[in-house]
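Worksheet: one structure, shown below.
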Amino acid sequence: MSALLDVVLPVFLVMGAGYLATWRGLFSASGVQGLMSFTQSFAIPCLLFEAIATMDLGAEFSWPLLLSFYSGAASGFVIGLVGARAFGRPWEDAVAIGFCGLFSNSVLLGLPIAERAFGADALRFNYAIIAVHAPFCYLLGVSAMELVRARGERLSGLPRRVSRAMFHNSLVIGIALGFVANLTGLELPHVVSDALDLMIRAALPAALFGLGGILFQYRIEGETRIIGLICVASLIVHPGIAWVTAQGLGLDVDQIRASVLTGAMAPGVNTYIFANMYGVAKRSAASGVLIGTGVSILSVSGWLQILP
């Protein structure tokens, strides 16, 4: 157990420091927003760019790996959506709640925890999953929301709306540029590569600290059973389906770890952004992110015990 705490607790302590600093007024709300803007719009896209640009696409992109993770993600979405409808929530709310079970915090939590647990070399499969994470989740989430909002009306603008949601996301842009560099064999000048490394070193610790500040700004509101549903969908169903599928497909140890542990992460901040974008289930999404992140200290430790 002490070894598991050594892996998980440092990540949450950095996040807790950001929460505490914001709570005590040592770090302003505008500072939090500025830090998150830096990490999500610049530093993390640089991290993803370099990871994809240097990845061996043939060796690390495999359909069984992606099927394992995304079958779990889709299952989390369905459980959240169906459960919310069973609790009497409108279709639009249900889609946003389903999105909380779909979009795991694969970068801000998934990467640092996986690196501490299994080493930096094991992250190559995490990056393969992350490369299609935002496109897959936004494609499913936006499509479902537009379908329930249309209610039989024409959907001629659906591709445009889905594309806008995906390609206005700086993480997707960083990933896309990484693929361009990888496929063209582009080599950056040494000085540019060194500058990129400086940005990358700041990405995850700064993002974790900023995430703590963001979580302080949320409030625990909404129905308890909806928050519980989000936690079950994201922390149990998603990694559970990924685990079963990975076993059935015969993935190797590193692939199983990447698929299950990434799926075991709490809902990402993008789930609140998605709810806010449509103006539905915002309190439930915010509470799901906050409570899910706290509970994931225990759930992630549990999955680490199960994983080979």
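The values are calculated or read from the model by the stated rules, or taken from the named source; none is laboratory data. This structure is a prediction, so every number in the text was calculated from the model and none was measured. All Cβ positions, glycine included, derive from the backbone under ideal geometry; neighbour counts span all protein chains shown. Keep in mind that these areas ignore ligands, DNA and RNA; they rest on the heavy atoms of the full protein, side chains included. Shrake-Rupley method; radii C 1.70, N 1.55, O 1.52, S 1.80 Å.
Protection proxy ranking for 79-85, 119-125, 293-299, using the average of other Cβ atoms within 10 Å per residue and placing the highest first: 79-85, 293-299, 119-125. The 3J(HN,Hα) values that the Karplus relation (6.51, -1.76, 1.60; θ = phi - 60°) gives for the stretch 64-73 are, in residue order, x, 4, 5, 5, 4, 5, 7, 5, x, 4 Hz. Gly and Pro appear as x. Packing, as the average of other Cβ atoms within 10 Å across residues, places the peptides 135-142, 257-264 in the order 257-264, 135-142, highest first.
A simple spin-label model places pseudo-atoms 7 Å from Cα toward Cβ; at Val295 and Ser163 they are separated by 3.9 nm. Cα-based values for the stretch 1-108, radius of gyration first and Dmax second, are 18.6, 49 Å.
Spatial offset of the stretch 268-292 relative to the stretch 52-110 amounts to 15 Å, using the alpha carbon center of each.
Shown here: the stretch 241-308, whose C-alpha atoms stretch 42, 23, 15 Å along the first, second and third principal axes, sorted largest to smallest.
Of the three principal axes defined by the Cα atoms of the stretch 3-52, the extents in descending order read 38, 36, 8 Å.
Per-residue Karplus couplings for the stretch 6-16, computed as 6.51 cos²θ - 1.76 cosθ + 1.60 with θ equal to phi - 60°, are listed in order as 4, 7, 7, 4, x, 4, 6, 5, 4, 5, x Hz, Gly and Pro entered as x. Suppose R0 equals 22 Å. What FRET efficiency, 1/(1 + (r/R0)^6) with r the Cβ-Cβ distance, do Leu9 and Gln217 give to the nearest 0.05? It comes out at approximately 0.40.
Averaged over its residues, the stretch 252-297 has an accessible area of 28 Å² per residue, based on protein heavy atoms and a 1.4 Å probe. If you wrap the stretch 195-281 in the convex hull of its Cα atoms and look at it from every side, the mean projected area works out to 8.3 nm².
Length available on full extension from Asp197 to Val244: 0.36 nm per residue minus the Cα-Cα distance, which gives 13.2 nm. Share of the chain's accessible area from carbon and sulfur, percent, 1.4 Å? It is 64 percent, rounded to a whole number.
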